[in-house]
Amino acid sequence: MKNKNTIRKIESIIELLVLTVIYYYVWRNFIFDKQYFWPMVGRGKYVLMGVYFILVLVITHLCEGFKYGILKIADVLFSQWIAVTIANIVTYLQLSLMANVMINAVPMIWLTLTDFVVQGIFVYTFFAIYNHYSEASRLLMVYGNKESVGLKLKMDTRDDSYNIKKLISVDEGFDSIYKELENYDGIVISDVSAEQRNDLLKYCYMHDIQTYITPKISDVIIGGGEDIHQFDTPLVMINTTGLTPEQEIVKRFFDIVLCVIASVVLSPLMLIIALAIKLEDHGPVFYKQARVTKDGKVFDILKFRSMVEDAEQRPATDDDDRITKVGHVIRATRVDELPQLFNIIKGDMSIVGPRPERIEHVESYTAAIPEFELRSKVKGGLTGFAQIYGKYNTSAYDKIKLDLMYIENYTFLLDVKLVLMTIRILFKKESTEGFDKVVSADEILASIEAEKNKSGE
């Protein structure tokens, strides 16, 4: 399907217009009162509808709710539900402010439920259209390091978009690669040397070949640089200091305000969890562990205790009987992390940032990958790029790249976006996928060779 992005934009506008019309219908028939909203009877209603349209548009965009055919259908639907819920809450407060009184919330609740149904219909319809007319690109993967072929398994999970038909080592030479490319729609370049990658990229660019590349750490750093146009030679200035002072002030203000509000709202839940932990085995409610944050500073991270008190002295088992009954529940729902709100208020952490690691992990990762310490340019976070776009078993090298993407491209809106997307991640099983799901490169290559022999190629 050509012009996919244009089609997505048209689909998004259609959906937003329908949601806006539904909002106006609910407002006009169930909320409207001349005493409060008389200026909106005339042309003011278009302003009212326009504000709602823009609000839903911005929040849905931040939640990545318009990525039909890119994300999974459940991810898009959850994103849209989260976005419209937030938009309707803000709209309710806006209308109450206009009326100078807290208006009846029931119509807005019914509006939100109706939006959920309408969004479900649109999302399923748009995905059906996409799947009917779109074919997965037939791709050739060129790999350098043998371990990099693991990318194939990840891309295979989205066989509606990517179809890697063959793998070829870069060592087989460019002539062989170029000849193979004649039979494919595009190429995936995975972990080859900079010089080889540049030659492949230039060839593909010249011949209009769709190209996917796994970026190196230096690429991520350059990607966050600032273009300088003061000379007739292109120049990129690289920020090597992390966040600017003004960015740190805005980020800290955002952390304090959001965490204080969250602590007050969630205090009943935290009290119930603390009581449940205490009643189960009469042990301590909190668990402290030394973690590393900005500039290598060590602090004690707080969690609700989910294991027995002597867990570190006992070996882990398949079913891990060290986890308490309450622990199973709070881990599954991830509310064991809630006490870290107090770490953030104190200033040890931020809401968004690289996940703070244990001291021994930092030492071992840094010894194996010196670039690991680049994550320490900002405070560790409760959530972040690696938590949202990665999985529990994502490699340390890939986590570094994800964290650097956040650091090098930081904006306040990016923080807002990642906070909103964290809500969606809570419902994703893949983000907690364990190391038992990891398949070695040799297994992948052996499997591909076996399939090739079976088909007689």
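Each of V76, Q94, I31 was scored by the projection of its Cα onto the charge dipole of region 1-114, and the greatest displacement toward the positive side belongs to V76; charges sit on the C-beta of Lys, Arg, Asp and Glu. Solvent-accessible area assigned to carbon and sulfur over region 107-179 amounts to 56 percent, based on a 1.4 Å probe. For region 180-240, the dipole from Cβ point charges (+1 on Lys and Arg, -1 on Asp and Glu) about the Cα centre works out to 180 debye, to the nearest 20. Remark: the D281-V329 segment gains 15.7 nm on full extension, using 0.36 nm per residue and subtracting the alpha carbon distance. If a spin label sat at a point 7 angstrom from the Cα of E226 along the line to its beta carbon, the backbone N atoms of region 239-255 nearer than 17 Å would be those of 239-250. Provide the net charge surrounding F174, with neighbours chosen by a C-beta distance below 15 Å and charges set as Lys +1, Arg +1, Asp -1, Glu -1. Net charge around F174: -4. Surface composition of region 196-294: carbon plus sulfur atoms contribute 68% of the solvent-accessible area (1.4 Å probe, protein chains only, all chains present). Between amide H atoms placed 1.01 Å from N, distances below 5 Å from L338 occur with F304, all of them 5 or more places distant or on a separate chain.
Keeping to pairs on different chains or 8 or more places apart, tell me how many lysine pairs in region 200-300 have Cα atoms under 28 Å apart. So the count works out to 9.
Dividing the Cα radius of gyration of region 365-410 by 2.2 N^0.38 Å, with N the residue count, gives 1.06. Find how many whole Å separate the alpha carbon centroid of region 225-245 from the alpha carbon centroid of region 359-419. The two parts, judged by their Cα centres, are 22 Å apart. Ranking V378, A276, I228 by Cα position along the charge dipole of the chain, where only Lys, Arg, Asp and Glu carry charges on their C-beta atoms, puts A276 farthest toward the positive end. Between the beta carbons of W38 and A136, assuming R0 = 35 Å, the FRET efficiency works out to 0.05 to the nearest 0.05.
Hey, if you put +1 on the Cβ of every Lys and Arg and -1 on every Asp and Glu Cβ in region 133-177, which of I168, L139, G150 ends up farthest toward the positive end of that dipole? Positive-most Cα among the choices belongs to G150. By the scheme Lys and Arg +1, Asp and Glu -1, what is the net charge of all other residues having a beta-carbon under 10 Å from that of E357? Combined, the nearby Lys, Arg, Asp and Glu give +3. Taken about its Cα centre, region 20-102 carries a charge dipole of roughly 240 debye when the Cβ of each Lys and Arg holds +1 and the Cβ of each Asp and Glu holds -1.
Annotation: Cα Rg of region 98-237 relative to the compact-globule expectation 2.2 N^0.38 Å equals 1.61.
For the pair I22 and Y203, label points projected 7 Å from Cα toward Cβ lie 5.1 nm apart. Counting Lys and Arg as +1 and Asp and Glu as -1, each charge on the Cβ, what is the dipole of region 364-429 about the Cα centre in debye, to the nearest 20? So the magnitude is around 340 debye. Summing Lys, Arg as +1 and Asp, Glu as -1, what charge do residues with Cβ under 13 Å from the Cβ of A99 carry, A99 excluded? Counting the neighbours of A99, the net charge comes to 0.
Counting 0.36 nm for each residue step from V51 to A99 and taking away their Cα separation leaves a gain of 15.6 nm. In this structure the chain gives 56 Å² per residue of accessible area when probed at 1.4 Å with all protein chains present. The listed peptides 111-119, 261-269, 418-426, ordered by packing as a protection proxy, come out as 418-426, 111-119, 261-269 (highest mean of other Cβ atoms within 10 Å first). Computed from the C-beta positions of F30 and L414, the FRET efficiency with R₀ = 41 Å rounds to 0.65. Distance from the alpha carbon centroid of region 195-223 to that of region 66-144 works out to 34 angstrom. Based on the Stokes-Einstein relation at 25 °C and a viscosity of 0.890 mPa s, and on the Kirkwood radius from alpha carbon pairs, the chain is assigned a translational diffusion coefficient of 96 µm²/s. Measuring nothing but how far apart in sequence close Cα pairs (under 8 Å, 6+ apart) lie, relative to its length, region 239-393 scores a relative contact order of 26 percent.
Kirkwood radius for region 59-137, taken over all pairs of different Cα atoms as the inverse mean of 1/r, rounds to 13.9 Å.
In the chain, helices alone account for a calculated mean residue ellipticity at 222 nm of -17500 deg cm²/dmol, with every DSSP H run of four or more residues adding -39,500 (n - 2.57). The simple spin-label model puts a point 7 Å past each Cα toward its Cβ; for I168 and I10 those points are separated by 3.7 nm.
The values are calculated or read from the model by the stated rules, or taken from the named source; none is laboratory data. Keep in mind that this is a model prediction, so the values were computed, not measured. Neighbour counts are summed over all protein chains in view; Cβ atoms, including those assigned to glycine, are modelled from backbone coordinates with ideal geometry. Ligands, DNA and RNA are stripped out before the accessible areas are found, and what is left, the full protein with its side chains, is counted by its heavy atoms. Shrake-Rupley method; radii C 1.70, N 1.55, O 1.52, S 1.80 Å.
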